[in-house]
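See structure below.
The values are calculated or read from the model by the stated rules, or taken from the named source; none is laboratory data. None of these values were measured; they are calculated from a predicted model. Neighbour counts run over all protein chains shown; Cβ positions are idealised from the backbone, glycine included.
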Amino acid sequence: MKSQPDVLIIGGGVIGLTCAYDLAREGLSVTLADRAAPGSEASWAGAGILPAPPRQGAPLHELSARLFPELSNELRAETGIDNGYQRSGGIEVLADPEPTLREWQSKGIQFERLTGDGLRQLEPALALRADNVFLLPGMAQVRNPWHLRALEEACRRRSVNILADCEVTGLETQDSRITGAKTSTGKLGARDFLIATGAWTRGLLEPLGLSLPIRPIRGQIALLNAERPLFSHIVVVGKHYLVPRADGRVLIGSTEEDVGFDKRTTAQAITDLLAFAVGAVPALAGAAVERCWSGLRPGSPDENPFIGAVPGYENLFLAAGHFRSGIELSPATGVLIRDLLCRRPPALSLAPFLPDRLMTRAAAFRR
Ligand SMILES: Cc1cc2nc3c(=O)[nH]c(=O)nc-3n(C[C@H](O)[C@H](O)[C@H](O)COP(=O)(O)OP(=O)(O)OC[C@H]3O[C@@H](n4cnc5c(N)ncnc54)[C@H](O)[C@@H]3O)c2cc1C
């Protein structure tokens, strides 16, 4: 029996869990350590919107959009857990349509302009201004807590050793290799190490003399329960959105706040979210406010995630910084990390995502 696993994954959000699942499917032995319960940070907090899929010009998004329905079916077959994946379609209101329409056209995203009558027929409960309203039939959604539960269960069934309440406090090095991870419960060894710690990634790299500009960006959410479905399309107006669930719940998002590691919800943000929801769907005025929460998105300056080897190390890899798109991009991230750790050519070019594009080495640091 092997004394240490092929891979230690640090962080059990959607990124760490998806990578663990894909690596375990390849037959690699995987340990995953999370300092809390896996799937309890940004991945739990997110809205689960999967934007309308592009047909060209955005390879990571294209691959993820192809893989999400397959992954959902596989997870259901393996675990019996439905992740709530549903191509519910979206309705988006654009204040300044030209740039967005140019982008949709260049990427081959399917859309249709809606007239006032068309909108009323499609979604009678919506009270949106009729100008510049577009239907995006390919927009989909997933229920994050269900998806995370399915991933965790599928990992366990494939013998991933999941360690909850196990915080990695540092990495031990020898020359260009990571030799172990110091944790709150002892040292963990592995052949390869994958950092998937979302908004907390910077703190793990700094002791290695590496600076990576991932920062927490808070997003607040309010959850209403109308007890019956009032509308079925996801509604997007600027950075605000409504995600209707089949059971009558409606998730209202969100804010983008650069406030550090502060997960409080605030009176102003929740007031604004509720006002937006009731303005867009007046019948929501009588819905119960079930819960409000916030999560910390792993913000990346160019909004692209960091996927690839950490420069200077043979066996240290990174999958973090997915900002607003971590749920959407998790299937392609898992496949790319699987290819890298199996030392195979990746399914698509990693160039736009390599950590060294924005990673700097502290001047005084010597390894
Ligand atoms: C309000 C909101 C709405 C969003 N909506 C969407 C959406 O509609 N669609 C979409 O695609 N994305 C959305 N996102 C973004 C998405 O949720 C994130 O990009 C994604 O969850 C990031 O996943 P992750 O696994 O990298 O990070 P996380 O889920 O934060 O996971 C990181 C994990 O690492 C663990 N960890 C941290 N440090 C350590 C350590 N030292 N040792 C061990 N474990 C550690 C943490 O406990 C955590 O479990 C939203 C996010 C928010 C907050």
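Restricting to the range 236-266, count the residues that are buried (at least 18 other Cβ atoms within 10 Å of the Cβ) and either assigned to a strand (DSSP E or B) or of a type in the set (A, V, I, L, M, F, W, C) (or both). Final tally of qualifying residues: 12.
If only one of A309, A275, A280 is away from the ligand (no atom under 16 Å from the Cβ) and surrounded by fewer than 18 Cβ atoms within 10 Å (Cβ to Cβ), which one is it? Result: A275 is the single residue among A309, A275, A280 that is away from the ligand (no atom under 16 Å from the Cβ) and surrounded by fewer than 18 Cβ atoms within 10 Å (Cβ to Cβ). The set of residues in the range 316-367 being farther than 20 Å from G57 by Cα, among the small types (G, A, S) and at pLDDT below 95 consists of A362, A363, A364. Testing T100 on (1) more than 16 Å from the ligand (Cβ to nearest atom); (2) of a type in the set (V, I, T); (3) surrounded by 18 or more Cβ atoms within 10 Å (Cβ to Cβ), one condition comes back false. Which one is that? Exception for T100: condition (3). All but one of (1) within 16 Å of the ligand (Cβ to nearest atom); (2) outside any loop (DSSP other than H, G, I, E, B) hold for T179; which doesn't? For T179, the failing item is (1).
Scanning the range 312-330 for residues that are more than 7 Å from the ligand (Cβ to nearest atom) and in contact with a Lys or Arg (Cβ under 8 Å, 6 or more places away or on another chain) gives G312, Y313, E314, N315.
Residues that are in contact with a helix residue (DSSP H, G or I) (Cβ under 7 Å, 6 or more places away or on another chain), of a type in the set (G, A, S) and surrounded by 24 or more Cβ atoms within 10 Å (Cβ to Cβ) do occur in the range 28-43.
On the stretch given as the range 213-235, residues that are in a strand (DSSP E or B), of a type outside the set (S, T, N, Q) and either more than 10 Å from the ligand (Cβ to nearest atom) or more than 18 Å from the chain's Cα centre (by Cα) (or both) total 5.
Among the residues making up the range 93-120, those that are under 17 Å from I234 (Cα atoms) and not in a helix (DSSP H, G or I) are V93, L94, I109, Q110, F111, E112, R113, L114.
In this structure, R361 does not satisfy being without any contact (Cβ under 8 Å) to a residue 24 or more places away in the chain and away from the ligand (no atom under 15 Å from the Cβ).
Please list, ordered by first then second residue, the pairs with beta carbon atoms under 8 Å, 6 or more apart or interchain, first in the range 323-344 and free of Cβ contacts under 8 Å to residues at least 24 places away in the same chain, second of a type in the set (A, V, I, L, M, F, W, C) and more than 16 Å from the ligand (Cβ to nearest atom). Going by the 8 Å Cβ cut-off, the qualifying pairs are D339/A347. Looking at (1) hydrophobic (A, V, I, L, M, F, W, C); (2) over 18 Å from D6 (Cβ atoms); (3) touching a residue at least 60 places away in the same chain (Cβ under 8 Å); (4) not in a helix (DSSP H, G or I), which one does L318 not meet, given that it meets all the others? Single failed check for L318: (2). Counting only residues that are within 19 Å of A181 (Cα to Cα) and within 15 Å of the ligand (Cβ to nearest atom), the range 16-33 holds 8 of them. Within the range 127-152, residues that are farther than 19 Å from G295 by Cβ have Cβ atoms under 7 Å from residues that are of a type in the set (K, R) and part of a strand (DSSP E or B) in these pairs: F134/R113, counting only partners at least 6 apart in sequence or on another chain. Taking each residue of the range 279-306 that is at positive phi and looking for partners that are within 9 Å of the ligand (Cβ to nearest atom) with beta-carbon atoms closer than 6 Å, six or more apart or interchain, yields E303/F323.
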